[in-house]
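See below for the structure under consideration.
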Amino acid sequence: MDRRSALHLLMGGSASLITTRKAAAGQDVPGMGASPFTSWPAVPTGTPCPSEPSIEIARTWWAPQRDVWTPIGWKNHLFRFNVLYNGTLMFEPFDQRKPHTARYRDLDFQLTFTPSADGSPPPLPPIPTRVYHLDGGFGIQGWRDDHQTPVLWTEWPLQEGLVIRQEVFAHVPGERPVTTGVEPLYAWVRLSVVHVDEIRAAKRFAVALQLSRLYFRHEYPWKHEDGVVLVADPKRAPLMAPLREMGRDTQSGVRIINAEGRVRLAVAPSPAGPLPFAESAPGSRIYNLAVELPGEQGAHADLLVAALPQEQAAFDAELARGFDGALAACKPYWKETTQDAARVTTPEHFVNHAIERNIQFAQIIAEKNPTSGEYTLLSGSYGYDVLWSTPTSMTSHMLLDLLGHHEAVARYAELYRSTQGTVKPPGKSYVLHPGYFSTPKTLTAIDWLSDHGAILHLVAYHALLTGDPRFIDAWLEPIVSACAFIEDACAITGHAGVKGLLPPAVATDEGVETQAVWVMGWNYKGLASAVRLLKRLQHPRAGQLEAFAETFRSRFVEAYRARAAAAPTWTDATGQKHHVPEANLIPAKRHIFGDLVMLDAGPLFHVWAGLMDADDPLMRSVVKFFREGPNRRLYGYRPNPLDRAVLIHEQSSGEPCYSWNICHSWQLGDRHRFLEGMYGLLTGAISPQTFISGEHRHGMYGNVFVAPLIVWCLRQAVVDDALQPEEVHLLRLCPLAWISSREETVFEKMPTEHGPVSLRFRLSQDAATLSVSFAAEWRDQPPRVVLHAPPVPGLQRVEVNGQTHDVSDRGGTITIPVARGL
């Protein structure tokens, strides 16, 4: 074992932290190799390594994430609350890009919580100030693990000898799925004392509440460590209209109402009760309220906050239920799941919780339009409350569908069928086409031509995974029409790009019309998925479209090789020359996002898209550029996402959700880099506390951008129907952390294109035998099912459904008779 592996083993991976400062600047570290940008050497699949990545090790790789916010809400409701890392509760119902929210303009608010000995909140900054400059930008948060209902807690350890906890959950009276999308929505908040120091502790302590408009806003400096930051802008804080207190007594608590007499919030009755409610300064329309708690374990006070001010009778009915009553009432709603839902349980409970919460997030960060009645996923909560269809499609086909939540995917997809052909593609060579899929104008942020291919893949892949005849009947004609758009667009001439491929168009937020490989990849992916479906259905156009797809692919590869050959070169550590990766087939104007796009939306995408194989020398060169190329030497101590892009623990330094290099490692069977990428995303790209995704580290949270790639990775590690056509591979890249004698690992009802499969496995106490139970419900029986013996040190045999197979700890494969899966 080399020095690096030994340090990872002995120190739980913390060796990478020791060397971070030198390696960040691209300096070699004595005895540690070149740098921890990629910590694991390429090792053939099946080779055992005692220091293989795991959650325990990966959690030592990253510093805490800054400016995290997490949505709290009800599935498909038009509104959501967002809770910042410090417990601040934010609500913004209006988005100028969404006409159906126009009536809710100026109804935003912010409720700030600050433990305070005298009940006074800190003053607002006198000028716009980055929030993390005020409090550091970090907090202590987590979920109550005794409830499936998402109850988010935030803790404040105090030097006065107490730990005060805030708990928040959302509630819609009736506990049913939304019908209008704008049902009354409430946030229940509990403030409690959860720890009292036995040596010295305050007898009483207050939490100061400040009610204002939402005065935190996003800013995009793109300088040093600041990509997207939150800024406290005091000019935005005053509410549009005054509030006042309505009554106060020990029986009913205190209510805060607006000028129309509607209730905004209340402090429920408690022994301590609230302190006075008043403006922070006369005429400021910023209000302070304090809640005092006895310094006793379990002491608490509850608040009820309405998303929109409510009539007193309705509010009082909700208030009467109490925090505990409302929470108990939520249980059946959040426990309910569909009959097709998969179940994933691993010995790494962090992984299990991350999956569970992101299934919830996906449907909380979604809405039913109260005007049209249409459902849609959204790209984020607080900032991205619209729809970028390309990345958000991944929530459907990489997360919800792969975990069996097929009803939700079909519901959200319907929006695209009803609006197909209504938007002109974003390029001057294009005209309206009846087959073109796009983001509806009521939800548009910026149109990318990749959206068409992403949506086509979403619906075709859903049909392949489910075999749902009703879905297929409804979508078959739109799918064929969408393929026709790609055919017709590739036939367009008179443009400056490569002929026979899609003409130049907007591909990303750069807004530049170019022949981007990103666009080609997504449209080929959608086309290929549609062809597989049409072949399975024996559709008359299947053969013709299959030939067209192959022509598209070969023409693209020829054009990309020519483009790559003309690119500038760089020199690796051995002196070998390589061409710098290109993200476009034709020259494009340089843009501030250019370096980010080169990694995130560039040629690394070719492998997952199916355009090129990972073992192609050109693809190996592309990955090498981001792992060890010249950008690494320029990556500084204060990076932001637009800096020259590199891979850090196999994660994109730009937007980690686009770490397509992991797909290269998957296809190659590069076990360690694959797992490093999966665990890197789990610990460095989503919040390890709340599991919410960030668009990039330290900025633009409140989304599920990263979770789809995580779910794709963990699924491919254990159940893989994409590696070889007409084959299912089991346990090929399964982490050793999931091969346990203490707990059984379960992947139950995992959808595949052949039908759902279920897998259970557990290691014997002496680590010599792995017991595997496998079952399947085939719709389209595959010719082969292959189980890969994991590289468990000392493993001698694998029992599959009671039949014993001798193996070694260096792996090997077992072909499972397909009939045994029935």
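The values are calculated or read from the model by the stated rules, or taken from the named source; none is laboratory data. Note that this is a predicted model, so its numbers are computed, not measured. Positions of Cβ are generated from backbone atoms using ideal geometry, with glycine treated the same way; all protein chains shown enter the neighbour counts. For accessibility, only protein heavy atoms count, side chains too; no ligands or nucleic acids. Shrake-Rupley method; radii C 1.70, N 1.55, O 1.52, S 1.80 Å.
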Inset, instruction - Let me have the relative contact order for region 343-720, percent, based on Cα pairs under 8 Å that are six or more residues apart. - result: 15 percent
Inset, instruction - Putting +1 on Lys and Arg Cβ atoms and -1 on Asp and Glu Cβ atoms, find which of 469, 104, 741 reaches farthest to the positive end of the dipole of the chain. - result: 104
Inset, instruction - Within 10 Å, count the other beta carbons around each residue, average over each peptide in 531-538, 624-631, 78-85, and list them highest first. - result: 78-85, 624-631, 531-538
Inset, instruction - Using a 1.4 Å probe and ignoring any ligands, DNA or RNA, find the accessible area of residue 635 and quote it in Å² to the nearest 10. - result: 20 Å²
Inset, instruction - For the chain, give the percent of accessible area contributed by carbon and sulfur heavy atoms, probe 1.4 Å, rounded to a whole number. - result: 52 percent
Inset, instruction - Provide the FRET efficiency to the nearest 0.05 for the residue 810-residue 616 pair, computing r from the beta carbons and using R0 = 25 Å. - result: 0.35
Legend entry - Pairwise label distance in nanometres, residue 414 with residue 764, each label 7 Å out on the Cα-Cβ vector: 5.3 nm
Inset, instruction - Specify whether the C-alpha gyration tensor of region 138-225 places it in the rounded, prolate or oblate class, a ≥ b ≥ c being the square roots of the eigenvalues: rounded for a/c under 1.5, otherwise prolate if a/b is larger than b/c and oblate if not. - result: oblate
Inset, instruction - Determine the dipole magnitude for region 199-254: charges of +1 sit on the beta-carbon of Lys and Arg, -1 on that of Asp and Glu, nothing else is charged, the reference point is the Cα centre, and the result goes in debye to the nearest 20. - result: 280 debye
Legend entry - Filter on 75/424; 368/749; 499/525 - keep pairs with C-alpha separation over 23 Å: 75/424; 368/749
Inset, instruction - Enumerate the whole-percent occupancy of each 10 Å bin, from 0 to the last occupied one, for all C-alpha pair distances of region 619-741. - result: 13, 41, 34, 12, 1
Legend entry - region 343-720 - accessible surface per residue (Å², probe 1.4 Å): 30 Å²
Legend entry - Cα Rg, Dmax, region 182-304, angstrom units: 17.7, 54
Inset, instruction - Just the ratio, please: alpha-carbon radius of gyration of region 211-269 over 2.2 N^0.38 Å, N its number of residues. - result: 1.69
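In region 118-210, which GluC sites (Glu not before Pro) are in a loop and have at most 14 other Cβ atoms within 10 Å, using DSSP for the loop call?
Details: sites: 155, 160, 167, 175, 198; in loops: 160, 175, 198.
Sites meeting the loop and neighbour criteria: 198.
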Inset, instruction - Identify the chymotrypsin sites (Phe, Trp or Tyr not before Pro) of region 362-407 meeting these criteria: DSSP loop state and at most 15 other C-beta atoms within 10 Å of the C-beta. - result: none
Inset, instruction - Write down the accessible area per residue of region 69-335 in Å², having rolled a 1.4 Å probe over the full set of protein chains. - result: 41 Å²
Legend entry - Pairwise Cα inverse-distance average, inverted: Kirkwood Rh of region 263-324 (Å): 13.2 Å
Inset, instruction - Label region 694-748 by shape, choosing from rounded, prolate and oblate, from the square roots a ≥ b ≥ c of the eigenvalues of the Cα gyration tensor; if a/c is under 1.5 it is rounded, and otherwise prolate applies when a/b is larger than b/c, oblate when it is not. - result: oblate
Inset, instruction - Evaluate the relative contact order of region 729-816 (contact order divided by residue number), counting alpha-carbon pairs under 8 angstrom at least 6 apart; express in whole percent. - result: 26 percent
Inset, instruction - For region 376-434, run through the trypsin sites (Lys or Arg not before Pro) and keep only the ones in DSSP coil with at most 12 other Cβ atoms within 10 Å of their Cβ. - result: 428
Legend entry - Within region 71-113: backbone nitrogen closer than 13 Å to the residue 371 label point (7 Å, Cα to C-beta): 95-105
Legend entry - Globularity index of region 729-816, i.e. its alpha-carbon radius of gyration over 2.2 N^0.38 Å: 1.05
Legend entry - Per-selection metrics, the chain (Cα): Rg and Dmax in Å: 27.3, 81
Legend entry - Most to least packed among 395-402, 749-756 [average Cβ atoms within 10 Å]: 395-402, 749-756
Legend entry - Candidate lysines - alpha carbon under 21 Å from residue 624, same-chain residues fewer than 8 apart omitted: 22, 577
Legend entry - Cα gyration tensor category, rounded, prolate or oblate, for region 69-335 with a/c compared to 1.5: rounded
Inset, instruction - Compute the semi-axes of the equivalent ellipsoid of region 396-450, taking the square root of 5 times each eigenvalue of the Cα gyration tensor, and list them largest first in whole Å. - result: 25, 11, 10
Inset, instruction - Compute the FRET efficiency between residue 590 and residue 557 as 1/(1 + (r/R0)^6), taking r as their Cβ-Cβ distance and R0 = 22 Å, and round to the nearest 0.05. - result: 0.30
Inset, instruction - Before anything else, pin down the relative contact order of the chain: Cα pairs under 8 Å, at least 6 apart, normalised by residue count, whole percent. - result: 14 percent
Legend entry - Karplus-derived HN-Hα couplings along region 96-106 (A = 6.51, B = -1.76, C = 1.60, θ = phi - 60°), whole Hz, x at Gly and Pro: 4, 7, 10, x, 6, 9, 4, 5, 9, 4, 6
Legend entry - Mean residue ellipticity (222 nm) of the chain, computed from DSSP H runs ≥ 4 via -39,500 (n - 2.57), nearest 500: -8500 deg cm²/dmol
Legend entry - Rg ratio (alpha-carbon, reference 2.2 N^0.38 Å) - region 591-676: 1.02
